[in-house]
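Enquirer: Below is the structure I would like to discuss, written out as structure tokens.
Since every read-out is calculated from the coordinates, none of them should be taken as a lab result. On a predicted model such as this, the values are computed, not experimentally measured, just so you know. Because the Cβ atoms are built from the backbone with ideal geometry, glycine has one as well, and the counts that use them run over all protein chains shown.
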Amino acid sequence: MQEKHLFEYAVIRVMPRVEREEFLNAGVILYCKQQRFLQALVTLNEERLRAFSPAIDIEEVRSYLNAFECICKGGKQAGPIGELDAASRFRWLTATRSTVVQAGKVHPGFCDDPLKALTRLHEQLVL
């Protein structure tokens with residue numbers, strides 16, 4: 001039997017008008033320290049997003065979502081935050097902020113395979 005690993009995840013959401021507190025789930029970020037795993041899966045439903053805000057700049061939102069994925073991968077191409085360790089990058093990405101693209105609350109779980117857990121959460125919470 002495989003060992004279960006503790007992981008933490010948060011839903012990445014797009015909130016076109018922060019003052020209205022309406023949001024669209026657009027991805028999931030998952031961190032598993034024991035497996036040295038940090039990754040985000042993103043799917044932006046443009047049609048639903050335009051229903052929230054017809055004037056929203058979709059390409060700008062995509063660039064912010066791509067930044068989540070890039071920072072998860074780490075490295076110099078992700079800027080100064082990308083050079084931090086995985087735990088620090090996860091904490092930075094999931095910190096509370098009042099912006100158009102933000103992470104929801106962090107939740108824990110246990111899994112055998114973090115990629116499978118991320119895929120399952122993405123299917124359940126985003127698609």
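Enquirer: How big is the charge dipole of the chain about its Cα centre, in debye rounded to the nearest 20, if each Lys and Arg gets +1 on its Cβ and each Asp and Glu gets -1 on its Cβ? Don't jump to the answer; show the numbers that get you there.
Expert: Values: 17 positive and 16 negative charges, 52 e Å.
Taking the Cα centre of the chain as origin, the dipole is about 240 debye.
Enquirer: With labels modelled as points extended 7 Å from the Cα through the Cβ direction, what inter-label distance (nm, one decimal) is found for LYS116 paired with ALA55?
Expert: 4.8
Enquirer: Evaluate Rg over Rh across the chain, taking Cα atoms for both radii and Kirkwood's formula for Rh. Write out the running numbers ahead of the final one.
Expert: Working: Rg = 14.7 Å, Rh = 14.9 Å.
Using Cα coordinates only, the ratio equals 0.98.
Enquirer: Magnitude of the Cβ-charge dipole of the stretch 34-106, K/R +1 and D/E -1, about the Cα centre, nearest 20 debye?
Expert: Details: 10 positive and 8 negative charges, 68 e Å.
Approximately 320 debye in magnitude.
Enquirer: Highest first, please rank the peptides 114-126, 55-67 by the mean number of other Cβ atoms sitting within 10 Å of their residues. If you can, show how the numbers build up before the last one.
Expert: Values: 114-126: 16.7, 55-67: 13.5.
The peptides rank, most packed first, as 114-126, 55-67.
Enquirer: Using 0.36 nm times the number of residues separating LYS4 and GLU83, minus their current alpha carbon distance, what extension gain do you get? Working shown, then result.
Expert: On the way: separation 79, 0.36 × 79 = 28.44 nm, distance 2.83 nm.
Working it through step by step, the gained length comes to 25.6 nm.
Enquirer: Let me ask something additional. Among GLN77, GLN39, GLN102, determine the one that fluctuates most according to a GNM of the chain built with springs between C-alpha atoms less than 10 Å apart.
Expert: Ranking GLN77, GLN39, GLN102 by mean-square fluctuation puts GLN77 first.
Enquirer: Find how much the distance from SER98 to ASN66 grows on full extension, using 0.36 nm per residue of separation minus their present alpha carbon separation; answer in nm with one decimal. Please report the intermediate quantities before stating the final value.
Expert: Values: separation 32, 0.36 × 32 = 11.52 nm, distance 1.84 nm.
Result: 9.7 nm gained on full extension.
Enquirer: In nm, give the distance between the simple-model label positions of GLU123 and THR43, each being 7 Å from the Cα along the Cα-to-Cβ direction.
Expert: The answer from the label model is 1.0 nm.
Enquirer: Moving to a separate point now. Using each residue's phi in the stretch 73-89, evaluate 6.51 cos²θ - 1.76 cosθ + 1.60 at θ = phi - 60° and report the 3J(HN,Hα) Karplus result to the nearest Hz, with x for Gly and Pro.
Expert: Taking θ as phi minus 60°, the curve returns 5, x, x, 4, 5, 8, x, x, 5, x, 8, 6, 5, 4, 4, 5, 5 Hz for the stretch 73-89.
Enquirer: Quick check: convex hull over the Cα atoms of the stretch 1-64, volume per residue in Å³, rounded to an integer?
Expert: Values: hull volume 6.9 nm³, N = 64.
Residue-normalised Cα hull volume stands at 108 Å³.
Enquirer: Could you line up CYS111, CYS70 from fewest to most neighbouring Cβ atoms inside 10 Å?
Expert: Working: CYS111 21, CYS70 17.
Ranked by crowding around the Cβ, least crowded first: CYS70, CYS111.
Enquirer: Something else now. Mind checking the full-extension length gain between GLN34 and LYS105? Use 0.36 nm per residue of separation minus the Cα-Cα distance, one decimal, nm.
Expert: Details: separation 71, 0.36 × 71 = 25.56 nm, distance 2.11 nm.
That works out to 23.5 nm of additional length.
Enquirer: Where does each of ILE71, ILE81, ILE12 land when they are ranked from fewest to most other beta-carbon atoms within 10 angstrom? Before the final figure, lay out each step's value.
Expert: Details: ILE71 22, ILE81 14, ILE12 29.
The fewest-first ordering by Cβ neighbours comes to ILE81, ILE71, ILE12.
Enquirer: Starting from the amide H of ALA26, placed 1.01 Å from N in the peptide plane, find each other amide H under 5 Å away whose residue is 5 or more places distant or on another chain.
Expert: ILE12, ARG13, VAL14
Enquirer: Another question about this same structure. Using the Karplus equation 6.51 cos²θ - 1.76 cosθ + 1.60 (θ = phi - 60°), what ³J(HN,Hα) coupling, rounded to whole Hz, does each residue of the stretch 58-64 give in order, writing x for Gly and Pro?
Expert: 4, 5, 5, 4, 4, 5, 5
Enquirer: Also: What do you get for trypsin sites (Lys or Arg not before Pro) in the stretch 1-46 restricted to DSSP loop and a cutoff of at most 12 other Cβ within 10 Å of the site's Cβ? Present the calculation step by step, with values, prior to reporting the outcome.
Expert: On the way: sites: LYS4, ARG13, ARG17, ARG20, LYS33, ARG36; in loops: LYS4, ARG17, LYS33, ARG36.
Counting only loop positions with at most 12 other Cβ atoms within 10 Å, the trypsin sites (Lys or Arg not before Pro) in the stretch 1-46 are LYS4, ARG17, ARG36.
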